[in-house]
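The structure under discussion appears below in the form of C-alpha cells.
The values are calculated or read from the model by the stated rules, or taken from the named source; none is laboratory data. Note that the structure is a prediction, hence the values are computed from the model and not measured. Here Cβ is always computed from backbone atoms with ideal geometry, including for glycine, and neighbour counts include all displayed protein chains. For accessibility, only protein heavy atoms count, side chains too; no ligands or nucleic acids. Shrake-Rupley method; radii C 1.70, N 1.55, O 1.52, S 1.80 Å.
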Amino acid sequence: MPGYKNFAVAGAGGLGNFIIDELLRKKAAGNVHKIVVLTRSMQGKDALAAKGVEPIVVDYNSPDALWSALQGVDVVISTVAGRSGPVLTVQEPLAEAAKAAGVKLFVPSEFGGDTINHKDGPLAAKNAQHDKLTQLGLPWALFFTGMFSDYFWNQPFLGFDLNNGKVEVAGMGSGLVSWTSRKDIARYVVYATTSLPPSKLHNHVFKIEGERTSVKKVVAEYEVRTGEKVHITCIPMDEVKKKAASGDFKSLLQLVFELDGTYGREEEMNVDWPDFNPETVVDAMVSSKA
Ligand SMILES: NC(=O)c1ccc[n+]([C@@H]2O[C@H](COP(=O)([O-])OP(=O)(O)OC[C@H]3O[C@@H](n4cnc5c(N)ncnc54)[C@H](OP(=O)(O)O)[C@@H]3O)[C@@H](O)[C@H]2O)c1
C-alpha cells in the first residue's frame, strides 16, 4: 500500500493537536507506525505520551538535536505558528536537519490561503519557506485550506464574538470565503500523506475547501440552526481600508473576508480526495461550541 508510515509533527498547538489525533487513529488501524512530536517544552505534553505519541523536546537552534529527533521519520508536518513572521523561520534548520536525516517529505506550516509567489505582505513569510524547501531539494506538499471554520467565531480580537452574539464585518459581510474545519484539514493531510504515492504527493499543492460561503450567510444559517440571535456590525469599507493600510491586523483580515476570501475555482478544490465529505461551517461552529 502506498503512503508514509512514520511522522513527526512540529508544534503541537491548535491545528497540530488535530493532526496528531488523526495520525493516532491511523496508528490504531495499523496504517501509521511512528508519531513523534517536536516541541520546545514538555510542559503539558504528558497526555500526548499517554496516547502513544513520542514527544521530543528540541532546540530549533541545534542541528544535532533536530537530526537526532528525526531518525526514522518519513514525513515532517510543521504546524509552528506565532504572532510574528520570524517564528516560521525555525522551519529552515528543521528542514535542513530533515534532509540530512533522510526525511522524504516536508509539509510546511501553511494552512490558509494560496501563498505561492507572494513576495510581499503577510503571506510572503510562508512563500519564502516553501521556496527554501525547493532550494534544499527536499520534497514538499502544501495544503491550502482557507479560513479555519471552527476557530474564528470566538476570536473577539478579530471581531468574531459568537459567545456574546456579536460579529463585526467589513462592508456587508457578503464576500465569499473558503472555510475548512481543523478536524477536516487534519483528515485531509493525514489521508494524503498516508495514502497517496510520492508521484501524487511530492511538490504538490492541495487545495482544500469545506464550504464556500459568506460571513453573512453563515450567521443567518447559524441563527436558524441554534435559535440564537447574532448582531452583525458592518464597518464601512473606507474605514476598514484606512485601518488596514496602517497595519491593523483585524482590518486586514476583514478585507480578506470581504474582498479576497477564496483562492481558486471551486472545481480545483478537494480534487485529490473525492470522498472527503467535509463538514459545513455551521456544523463546525456548533460542534466546536459543544
Ligand atoms: N486559516 C486559518 O484560519 C488559520 C487560523 C489560525 C492559524 N492558521 C495557520 O495554521 C498554522 C498552525 O497554526 P496554529 O493555530 O495551530 O498555531 P499555534 O497553536 O498558535 O502554534 C503552534 C505551535 O507553534 C509552536 N511555536 C510557537 N512559537 C514558536 C517559536 N518561537 N519557535 C518554535 N515553535 C513555536 C508551539 O509549539 P511548542 O510549544 O510545542 O514548541 C505552538 O504550539 C499556522 O501556519 C497558522 O498561520 C491558519
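Here are some notes:
- Paired Rg and Dmax values of the chain, which use every Cα atom, in angstrom: 19.3, 56
- Helix 249-259 axis, angle to the chain major axis (alpha carbon atoms, nearest 10°): 70 degrees
- Ligands, DNA and RNA left out, the accessible area of the chain computed with a 1.4 Å probe is 53% carbon and sulfur.
- Using θ = phi - 60° and Karplus 6.51 cos²θ - 1.76 cosθ + 1.60, couplings along region 192-209 (whole Hz; Gly, Pro as x): 4, 6, 9, 10, 8, x, x, 5, 9, 10, 6, 6, 10, 9, 9, 9, 10, 8
- Cβ charges +1 (Lys, Arg) and -1 (Asp, Glu), total dipole of the chain, debye: 440 debye
- Dipole orientation for the chain: of the candidates 91, 244, 210, 91 has the Cα lying most toward the positive pole (charges on Cβ; Lys, Arg +1; Asp, Glu -1).
- Cα coordinate range in region 33-114, projected on the principal axes (Å, largest first): 35, 28, 24
- Helix axis angle, 91-101 relative to the chain longest principal axis, alpha carbon, degrees: 30 degrees
- Unit charges on C-beta of K, R, D, E only; dipole of region 6-144, Debye: 260 debye
- Principal-axis tilt of helix 14-28 within the chain, Cα atoms, nearest 10 degrees: 50 degrees
- Radius of gyration and maximum dimension Dmax of region 6-144, Cα, Å: 14.3, 44
- Given 216/250; 229/250; 183/289; 34/289; 183/250; 27/132, the pairs whose alpha carbons are separated by over 20 Å: 229/250; 34/289; 183/250; 27/132
- Two-decimal Rg/Rh across region 113-264, once Rg and the Kirkwood Rh are taken from alpha-carbon atoms: 1.02
- Shape class for region 207-290, computed from the alpha carbon gyration tensor (a ≥ b ≥ c): oblate, with a/c not under 1.5 and a/b at or below b/c.
- In a reduced charge model with +1 at each Lys and Arg Cβ and -1 at each Asp and Glu Cβ, region 150-277 shows a dipole moment near 180 debye about its Cα centre.
- Placing unit charges on the Cβ atoms of the charged side chains and taking the dipole of region 1-146 about its Cα centre, the candidate lying farthest along the positive direction among 41, 30, 122 is 30.
- Accessible solvent surface per residue of the chain, calculated while the other protein chains remain in place, 1.4 angstrom probe, Å²: 46 Å²
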